[in-house]
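Nothing in this text is a laboratory measurement; each read-out follows from the coordinates by a stated rule. Quantities reported herein were computed from a predicted structural model and do not represent experimental measurements. So basically every Cβ, Gly included, is an ideal-geometry build from the backbone, and we count neighbours across all protein chains shown.
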Amino acid sequence: MVMNYDWKGHASMFGANAMWGFMSPLSKMVLAGGAVTPLVITDLRIAGAMVLFWIASLFQKPEHVNHKDLVSLFFASLFAIVFNQGCFIFGVSLTSPGDASIITTSMPLWAMVLAAFILKEPITGRKVLGIAFGAGGALLLILGSGTNAAPSLVNANTAIWGDLLVLFAQLCYAFYIVFYKDFVNKYSFVTIMKWMFTYSFICTLPFSASDLMNARWSDLQPAEIGGLLFIVAGATFVSYMLVVIGQKRLRPTVAGMYNYIQPLVACVVAICLGLDSFNVIKAVAVFLIFGGVYFVTSSRSRADLEKCKGRAMNESFQSKS
């Protein structure tokens, strides 16, 4: 059994997904006020992170990015930010929040399949078992917290399109963490993120300009402003920074498993606010999620299998000689 003990990578992915877990109830709180729309929050995230990453780049050694890599960063921004966040927001508007939450549990599965095709990572029994454990724990939290909207609140004709958009959002993010795993090692995370968020801002602004102009900024309450600041600075700027660190250090399937931390953190926040209670089902869910992360982390990677194959060949050669 091989265990990946890169604690910096694990801590980075845990931190990023924990902040995204906090973002869920905070976004609901901000949107409940009616001053801004989901599209405005998305644009604030992208624009705010873009500015913060450009400011951060002033405090590091200038890093030149060649034109070919700038093109790669453009497409990376589409998959990691534009398609991921955009499709998810429009998808949630067409389907129920509960259905959307359930569909998000598919991301680690996509990451495993794509890693097998693109990076030739083996699909082992431990990986499959780990993803099944994690998905089961996440589903227990989601279904046990009463997040499913009543069927009458969702148009059956549009719900399927909403589900497909949310599913596509998960596929796009999984593709990003797999396909660009080696690419992110070429530059610092600040350089990568400042260009990705710049491209994302340019792509999303035409779609969000109307909502930005019609937002009732003066109606925002202090708590809502604080929530927006955390969403921009914490759940976007810091989180995406941590994702690149985790992406550099962990296998895509392992990094994707931390997606299951989001419903866990959202559940903890709800319990702390008195909106939910802790019970045996939630305890089992926590066990399944962390058990799933352990199984995937301890599974054999492509490099591990190649080392074992090389060791076996050397032993065979030595025995013959």
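Summary of computed values
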read-out	value
Simple Cβ-charge dipole of the chain, Lys/Arg +1 and Asp/Glu -1, about Cα centre, in debye nearest 20	1160
Stretch gain in nm, segment PHE117-ALA132, where the contour uses 0.36 nm per residue and the Cα spacing is subtracted	3.4 nm
Listed pairs LYS8/LYS61; LYS194/LYS282; LYS120/LYS186; LYS28/LYS61; LYS61/LYS181; LYS61/LYS248 exceeding 32 Å between Cα atoms	LYS194/LYS282; LYS28/LYS61
Virtual spin-label span in nm between ASP182 and GLU63, 7 Å along Cα→Cβ	1.9
Selection from PHE207, MET107, LEU220 lying farthest towards where the dipole of segment 7-320 points positive, charges on Cβ	MET107
Sites matching chymotrypsin sites (Phe, Trp or Tyr not before Pro) across segment 18-64 that sit in DSSP coil, with at most 10 neighbouring C-beta atoms within 10 Å	PHE59
Summed residue charge, Cβ within 14 Å of PHE197's Cβ, Lys/Arg positive, Asp/Glu negative	+1
Span-like helix ranges in the chain, DSSP H, alpha carbon extent 30 angstrom or more, Kyte mean at least 0.0	7-32, 156-179, 189-214
Computed [θ] at 222 nm, helices only, for the chain once each DSSP H run of length n ≥ 4 contributes -39500 (n - 2.57)	-24000 deg cm²/dmol
